[in-house]
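What follows is calculated from the coordinates using simple rules that are stated; it is not laboratory data. Every value quoted in this text rests on a predicted model; they were computed, and no experiment measured them. Positions of Cβ are generated from backbone atoms using ideal geometry, with glycine treated the same way; all protein chains shown enter the neighbour counts.
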């Protein structure tokens, strides 16, 4: 026990003193969170609509134009028809409405049947159609007002999405999983390959120490680091980016530990395969890089083509980030994420087993 | 004195290649035993088998009464090991490093005292990468001493060091020797073996070709010494023919080479003659037999081939 205690303390000192490791462990994920958090993928781009008038509008028509300009999801520009048509051709408008200047007559004069023509940008069908139905609605209401018909049916809108989940809520658990993966894979991959290459592991073998003690000390260090990472990144997410944590922190801790064990296994496997430190990033990135984009870190799996989803579904990082996300954003309990946890434990067992096969203190050249 | 290491018919094979071929030797308690030989002779492999780092193909080795093959862990606990090229963790300072190493033996130590004994006290807060080559080797010896071992194994402790650092390390080894520890070292420096070792096994091509005390091995090459010199002007052959201890006389006029079996007497007479006849002697060179000659005589090839 004394040996294990001293080895663990020493390995923690070494981790903390390694500036590069600290940078990649805490600051790189923070920077990624900052960048993606500021981009904010949840801000829907405004629908650009153009209004074309054939002549100076009547006061009623002017009022109608002003009403449309008030709609916040629209970016409205008013120009002559030829200018708006050109803008549409240049893909600068989602839809252009051609409005007769006397669409609405002066007060007191009875309105006549008029036609508003809509020119749709086929590349932005969805936004254009939405704009058309909104404008139609505005036209109907204006007409009802003009003809003095009482409004019998009302739609009352109340905002009820209390959690107000945003992209940052999706992002934070993804970044946590990503950070723990990177730390586990690279800090073990690099450092143990270096120890092996420099003969440090062989020197340790010349003492009566059990190799498992040395490995355990290093694993304990990295499990602690992964917990610090998770706490730090969630804290920044909550305090600075106003992310939400609804579920249990204890459950997040459990998920983090299982996730770290999974990727530590991968790290040891890589340092078992790699013969030089130089070959570590090549081998590690081959495995880690695809997961970075497919593991549900930045974008939901649903945005991928189906065949890719089927593959991405089973990646260790996907289970990891999804479990964290379900607990953080939906308040999932252990029973709700049971399947994900079982898969994570399965991956952990498989990767630790693989590490056992490939990694040894003696290296391949020794007899 | 008691035998502290017993090696019987020790053999190591890698496939068809035999790295160590059926060697046997004993090391006595308190002595410094050297294994001398060129690179690739099997010195390191022999040492690593005794240290429990390499499997034994055939034969037996007992270290401190323990069968290495069966009780490697117990052997490791009572020996100190310096590997040929061992690095240490860069993230710890020397004091922390030695304390960590001591913990591997389940021991608490006064790291500063050990650092002082290898003259690294002022470096206790430094990292390994800040040390010079000689300091690294001294640290490596310090790490081998954390468990207060009975036997110290040093694998080419001075390879790659400059002459000053080498002498410095020899002093350190002598100090450790004075504490009564048994030392087994490998080297391909003849001078090192002559200075440090009580007994030497000469290894060549996986076999031990000779083993004896350093003094006896040196005698194998004979006591003969070569004396070369020049005189200020031409001298007749007969003048030197009567020098005491003379075995062979070569040269003429002012260039002379003598082989003598009693260099002290030969030189004394030569100097007397020089003073009495007012003949100056220039470029006098005396070369006595070294382990180098012993090695050449035993193996038929040079040590540095």
*For region A:47-160, would you read off the P(r) tail past 26 Å as a percentage of all alpha carbon pairs?*
22 percent
*Dividing the alpha-carbon Rg of chain A by 2.2 N^0.38 Å yields what?*
1.45
_Beta bridges by DSSP in chain A, antiparallel share as percent, to the nearest 5_ = 25 percent
*Taking each pair of different alpha-carbon atoms in the protein assembly as shown once, compute 1/r for the pair, average those values, and report the inverse of that mean as the Kirkwood hydrodynamic radius in Å to one decimal.*
32.7 Å
_Exposure proxy order (Cβ contacts within 10 Å, fewest to most) of B:50, A:4, A:103_ = A:4, A:103, B:50
*Assuming a viscosity of 1.567 mPa s and a temperature of 4 °C, what translational diffusion coefficient in µm² per second does Stokes-Einstein assign to chain B, Rh being the Kirkwood radius over Cα pairs?*
59 µm²/s
*FRET efficiency, residue B:298 to residue B:273 (Cβ-Cβ, R0 51 Å, nearest 0.05)*: 0.85
*region B:127-197 pair-distance distribution - Cα-Cα, 10 Å bins, rounded %*: 19, 57, 23, 1
*To the nearest 0.05, how large is the calculated FRET efficiency for residue A:145 and residue A:72 if R₀ is 25 Å and r is the Cβ-Cβ distance?*
0.70
*Two decimals is fine: what's Rg over Rh for region B:178-305, C-alpha atoms, Kirkwood radius as Rh?*
1.11
_Sort A:70, B:181, B:297, A:196 by Cβ crowding within 10 Å, fewest neighbours at the top._
A:70, B:297, B:181, A:196
_Can you give the FRET efficiency to the nearest 0.05 for residue B:220 and residue A:5, using r as the Cβ-Cβ distance and R₀ = 60 Å?_
0.65
*Calculated [θ] (222 nm, deg cm²/dmol) that DSSP helices of n ≥ 4 give over chain A, each run adding -39,500 (n - 2.57)*: -20500 deg cm²/dmol
_Ranked list, fewest to most other Cβ atoms within 10 Å of each Cβ, for A:124, B:99, A:278, B:29_ = A:278, B:29, A:124, B:99
_Could you give the length gained by full extension between residue B:287 and residue B:257, i.e. 0.36 nm per residue of separation minus their alpha carbon distance, to one decimal place?_
9.7 nm
_chain B, relative contact order in percent, only Cα pairs under 8 angstrom and at least six apart counted_ = 19 percent
*Using a 10 Å cut-off on Cβ to Cβ distances, tally the other chain neighbours for every residue of A:203-215 and report the average as a whole number.*
6
*Cα axis of helix A:249-273 to longest principal axis of chain A: angle in degrees, 0 to 90, nearest 10?*
60 degrees
*For chain A, find the longest principal axis of its Cα atoms and tell me its angle to the long axis of helix A:59-69, 0 to 90°, nearest 10.*
10 degrees
_For region A:166-358, what does the convex hull of the Cα positions come to per residue, in cubic angstrom?_
118 Å³
*Okay, helix-only estimate at 222 nm for chain B: each DSSP H run of n ≥ 4 adds -39500 (n - 2.57), divide by all residues, round to 500 deg cm²/dmol; what do you get?*
-10000 deg cm²/dmol
_Nearest-ten-degree value, helix B:163-178 long axis tilted from longest Cα axis of chain B_ = 60 degrees
